[in-house]
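A quick write-up on the structure given underneath.
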Amino acid sequence: MNQTGSKTNKKPKKNLKHFTLLHSNDIHGKFTGKLDEDGRMTGSLAQVAGYVNAVKEENPDTLYCIAGDVFQGSLIDSDFQGLSTMEILNMLPIDIMSLGNHELDYGISHMLFVDKCADFPIVNANFRIRTNGSHMFDPYKIIEVGGLKILFIGLLTQNIVDQTKAEGLVGTFVTVDEPADEVKRITTMIREQGISVDYTILLTHIGYEADLELAAAVDPECKVDLIVGGHSHTYLDEPPIINDMLIVQAGMEDTHIGRLDVIIDVDHREIDSWTWQMVPVDEDHCPEDKLVKALVGTYEFEIDAKYSQVVTRLARKLDNYGRGNATELGQLYADVFCDALNLDAMLLASSSTRCYYLDMTVTLQDLRESYPYDGKIYKLALSGSQIRRMMKHCLRDEVIVNWKETFYHISKSMHVIYNYDTGDISITINGKELQDDEIYQIGLQEFYFANSEIGFGMTNEELQEHGEARVASSDAFGTLREYLSSNKNLGGPIDNRLIIKGKVPKHTK
């Protein structure tokens, strides 16, 4: 649909219809909200529910959608493996949701069960069974509102295939198609069936930069009007327009809700006007839904009773901000695994620490939410030359500049000096210079071992050239908890275990 020109168009239209689209993404189990510095509630799901209800009452021709990742980020979600999340979300007037990568954290088969528990459709078009091409979920949904037919197509990041590798047999039978190809297939099929739609929305979970690329790649004949995105946690001042497609996203964790008001000339299939805004989820903008608050409070009470015990006290509050850089918390957890499992060095994925900071007094809930994974830690016998190759791959632009791939925290037993300008790298382990022919015991998390080609540029076979990978810990969280319970006053500022020299381009969000 043509979206050129200003947001107002004085040209007379014959059949104007207005609808409102509200959208969220990357809620990540953050339901309770928090108090701001003035003691006022912000970012609660009860406030989101209250706002959506109020807008729908004001304009019945309103749809509310979520662009993936409602799971993983709080114990209210993870302790019940998403079933609690679905019960809570069913109390909101959600019209449709797309699948996010974290919806598969508890397994593919589990998510297929959770899908049946949802009172709203969960759509995805490009996640398929490899052997017969069947869709794992409903690929699209046409929702009618105010006489308008709105087509939603769900799309998921390609990285989901890497995630399913840790699932064993089932994970080998899935594949992810290119989003633009799937959009073409669906819109062509709908058109050939004689179905006419008034507005087409891609409900994606592929990240903002990928949304921009998708908008440029989609065939104009598909007549896509809007991309509602997620995955990259992007906050926008104004939505870009590419190939007549608006692209929007609403940050993360219920801090904001996106609102798009569109007036459509149905006869000419043109947009008469539109406005978009990011609405803060706070007391000034969002009334509170008491029923949603009560249900969340029930789960919160249960979690508090189960996880309120103090595990340890740290030397200081530890920062964990950033996806392509070392953090105080990442350093500590890498050190814990290295020491507890008697490793020469530990490489810990930054994406496995799920909080912005950890307070000095650490409860079991704090610890669980900061590291919500129970997976294994593998011990690998690697040569010095292999480690050198791995570390250079870990410090490529996609990691330290673009933040598109996973950054790995290293334990203090390893010191790395990398010259970005020349590509030279110097490594010591346990105070001694790395020897190419010497064998070292290196720890990797189960998920990242399964996806070693992406993270480290080496296949599983190459990583096991000097011996089969052994399980150093069958329960990573249990190891972390036990060690921290027995050791107090740990943690400190970023040290010099990783030094990157040269003119590294600054990352911009």
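Any read-out appearing in this document is the output of simple, stated calculations on the displayed coordinates, not a laboratory observation. On a predicted model such as this, the values are computed, not experimentally measured, just so you know. As a convention, Cβ positions derive from the backbone with ideal geometry for all residues, glycine included, and neighbour counts pool all protein chains shown.
Database remark: amide H of SER473 closer than 5 angstrom to the amide H of ILE377 (H placed geometrically; neighbours at sequence offset of 5 or more, or on other chains; Pro and chain starts carry no H). Here the sum of -39500 (n - 2.57) over DSSP H runs of 4 or more residues, divided by the residues of the chain, equals -8000 deg cm²/dmol at 222 nm, to the nearest 500.
Dipole size of the chain about its Cα centre, with +1 on Lys/Arg Cβ and -1 on Asp/Glu Cβ: approximately 420 debye, rounded to the nearest 20.
Phi-derived couplings, Karplus 6.51 cos²θ - 1.76 cosθ + 1.60 at θ = phi - 60°, listed residue by residue for region 497-505: 5, 10, 10, 10, 9, x, 8, 7, x Hz, with x used for Gly and Pro.
At full extension, CYS117 and GLU213 could sit 31.2 nm farther apart than now, given 0.36 nm per residue minus the alpha carbon distance.
Of all DSSP beta bridges in region 23-300, what percent run antiparallel (nearest 5)?
Of all bridge pairs located within region 23-300, approximately 55 percent are antiparallel.
Taking R0 as 41 Å, what's the FRET efficiency between PHE477 and ASP38 from their Cβ-Cβ distance, rounded to 0.05?
0.70
Once backbone amide H atoms are built at 1.01 Å from N, LEU156 has ALA125, ASN126, HIS205 as its partners under 5 Å, excluding neighbours fewer than 5 places away on the same chain. The calculated FRET efficiency for GLN158 paired with TYR356, based on their beta-carbon distance and R0 = 30 Å, is about 0.65.
The gain in end-to-end length when the THR363 to LYS317 segment is fully stretched comes to 15.2 nm, 0.36 nm per residue minus the alpha carbon separation.
The ranking of SER474, SER134, SER485, SER352 from fewest to most other beta carbons within 10 Å of each one's beta carbon is SER134, SER474, SER485, SER352.
The H on the amide N of GLU405, modeled in the peptide plane, is under 5 Å from the matching H of VAL399, each at least 5 residues off or on a different chain. Most simply put, the chain has about 65% antiparallel DSSP beta bridges, counting only bridges with both residues inside it. Site pair ASP397 and ASN342 shows an inter-label distance of 4.4 nm when each label is modelled 7 Å from Cα along Cα→Cβ. The distance separating the Cα centre of region 20-68 from that of region 432-509 comes to 38 Å. Magnitude of the charge dipole for region 328-414, about its Cα centre and with charges confined to Cβ atoms of Lys, Arg (+1) and Asp, Glu (-1), is about 440 debye.
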